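Bear in mind these aren't lab numbers, they're just calculated from the coordinates by the rules spelled out. Because the structure is a prediction, the values reported are computed rather than measured. Glycine also receives a Cβ, built like all others from the backbone with ideal geometry; neighbour counts cover every protein chain displayed.
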Amino acid sequence: MRLPQKFHWLLLAICWIVGGLANESLAADRPNILFCIADDWSHNHAGVYGNTWVKTPAFDEIARRGLLFTRAYTPNAKCAPSRAIILTGRNSWQLEDACNHVCNFPPKFKSWVEALASNGYACGFTGKGWGPGNAKNARGQQRQITGKAFAGRKQNSGIRGISNNNYSANFADFLKTTADNQPWCFWYGTTEPHRGYQYGVGVAKAGKKLSDIKHVPAFWPDNETVRNDMLDYAVEVEHYDTHLGRILEHLKAAGQLENTLIVATSDHGMPFPRCKGQAYDYSNHVPLAIMWAGQLKKPGRVINDYVSFADFAPTFLEVAGLNSSKAGMQAITGNSLMDIIASEKQGQVSPQRDHVLIGKERHDIGRPNDWGYPIRGIVKNNVIYIRNYETDRWPAGNPETGYLNCDGSPTKTLLLNGRRDGTLVDYWKMNFGKRPTEELYDLNQDPDCVKNLATDKKYAKLKDQLAQEMITRLKNQQDPRLTGNAGYFDTIPFVNGGNVRFYERYMKGEKIRAGWVNLSDFEEKPLD
Ligand SMILES: [Ca+2]
């Protein structure tokens, strides 16, 4: 039976009204999401972890009123791939081009921010979102992959190397644009403590002392240069924390603290040799605190579960009442953290969260053919197992092209000069030298990962178990490197045209800019 035309209109009107009411009540129930991400901040470098030379009162407050995670890891310790994992809930080896640094972000991988934006959330960001690289949709238009940019407010920190983005004021601007009953998500992304730094500012301006540092990682010499470099990094971490504190104040003033899920972390570890861009504990292990004042039971819990950056996307979808297919996203590999948030337990909350997978392909260029340095690894029971797949390549990049996968720094310069004059050759080897196929570190005894146990017979069984578990899990995740297409990642285009085929062009004498390293980082001749 055909309904008369006017009944069609009536039915449609009823649907609009009921649908609108349903959306509104859903909106009122859905929390806001505040995602706070520093750029290159290592695990343990916050007061609440017991650190004495990095002051982080805002992060500490989030942990005290929420949850502090002791085993949070990014699977890939470089800006673009790490952020791609956060945005999609998939590991970097499951993200095609977005596995690599400076890439095209495939349009097929929708981000949770885009999913929330198309499901009633107001979504904004300030500072660093995803990148470096291109994130365009299938029609070639710029995506709002971390939301709409808020960048109008500027300030001068008085410290060279710190951005003039007044992050917290930009957040306040965003908050003013949101409607009363509309949930929102905001991505607060600093460019601190990414380099460069103003050398000596920690001592000269921030009142720090070289003796404040209780432990210099065993893979660097303990001297004034390194300690200054670490304190200058601390000043930039504190800049992130200062704006985090102001953002919390804005939330309190707006009466929105209770209904906001706050996640505070970093994309990966510190921008120092053998840290950022590698796959050791200082590379992938990051600070993480989560607070949801209105919902958390037993705040102040310390969580020892292994959690991965792939777990964020499903968490945010769950609190927004979505799943990956409803959200229009690709299948998600991570597991929502809501079981931990809703629990009253501390320590190990979920027995299944007993490991994380880590790995990388190409980060910065500078090797022949724009090749990467492929690694996969697993962290379990405080042991890291690492497999290096192309051991003829240089882990931090070729010496004659400036070791481009290690940002220029006073510590890097010190180590490079120490090889040249023969005083720090062993340190240089740890930070820049070629590596064996397998590495195994016991984090209980050796948190700095300097004593490789992979050839120690006592650990042979454990090493084989970890290797087998890693391989099985990666195959289940269809990692091309483990499923017969290992060379795939080296074929992905590097999208900064000025630096494509850097090695070949530089070796032919072309002067190419590589602003993130120092001119003195380039060795005069190849070292092998
Ligand atoms: Ca970074």
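Worth pointing out:
- Relative to the longest principal axis of the Cα atoms of the chain, the long axis of helix 410-420 makes an angle of roughly 30 degrees.
- Unit charges at the beta carbon, dipole of the range 30-350: most positive-side option, Ala98, Gly277, Trp220: Ala98
- Overall size of the range 358-521 from C-alpha positions, given as principal axis extents largest first: 50, 40, 20 Å.
- Nearest-20 debye value, the range 358-521 charge dipole, Cβ charges on Lys, Arg, Asp, Glu: 180
- Each of Val48, Val113 was scored by other Cβ atoms within 10 Å of its Cβ. Listed from fewest to most, they are Val48, Val113.
- Low-density loop positions, GluC sites (Glu not before Pro), the range 463-528 - DSSP coil, at most 11 other Cβ in 10 Å: Glu510, Glu524
- Fraction of beta bridges assigned by DSSP in the chain that are antiparallel (%, nearest 5): 50
- As a length-normalised measure over Cα pairs under 8 Å and 6 or more apart, the relative contact order of the range 358-521 settles at 30 percent.
- Global dimensions of the range 181-334 from alpha-carbon coordinates: Rg and Dmax equal 18.7, 55 Å.
- Of Lys136/Lys176; Lys110/Lys136; Lys136/Lys511, pairs whose Cα-Cα distance is over 19 Å: Lys136/Lys176; Lys136/Lys511
- Each of Ile386, Thr413, Asn499 was placed along the dipole of the range 358-521 (beta-carbon charges, centred on the mean Cα), and the one lying farthest toward the positive end is Ile386.
- Lys108 paired with Ile159, simple spin-label distance in nm, labels 7 Å along Cα-to-beta-carbon: 4.4
- Long-range amide H partners of Gly408 with built H, under 5 Å: Val517, Asn518
- For Lys508, the lysines whose Cα falls under 23 Å of its own Cα, not counting residues fewer than eight places away in the same chain, are Lys525.
- Evaluated over the range 204-260, the Cα radius of gyration and Dmax, each in Å: 16.7, 49
- Three semi-axes describe the equivalent ellipsoid of the range 30-350; taken as square roots of 5 times the Cα gyration tensor eigenvalues and ordered largest first, they are 29, 21, 21 Å.
- Counting every other Cβ atom within 10 Å of each residue's Cβ, Ser118, Ser325 order from fewest to most as Ser325, Ser118.
- Charge dipole of the chain about the Cα centre (unit charges at C-beta), most positive-ward option of Phe489, Val425, Trp41: Phe489
- Set of aspartates and glutamates with alpha-carbon distance to Lys205 below 15 Å, sequence-local pairs under 8 removed: Asp229, Asp232, Glu236, Glu238
- Residue-averaged [θ]222 nm for the chain, counting only DSSP H segments that reach four residues, each worth -39500 (n - 2.57): -9000 deg cm²/dmol
- For the chain, a crude dipole built from +1 on the beta carbon of Lys and Arg and -1 on the beta carbon of Asp and Glu, taken about the Cα centre, is about 840 debye to the nearest 20.
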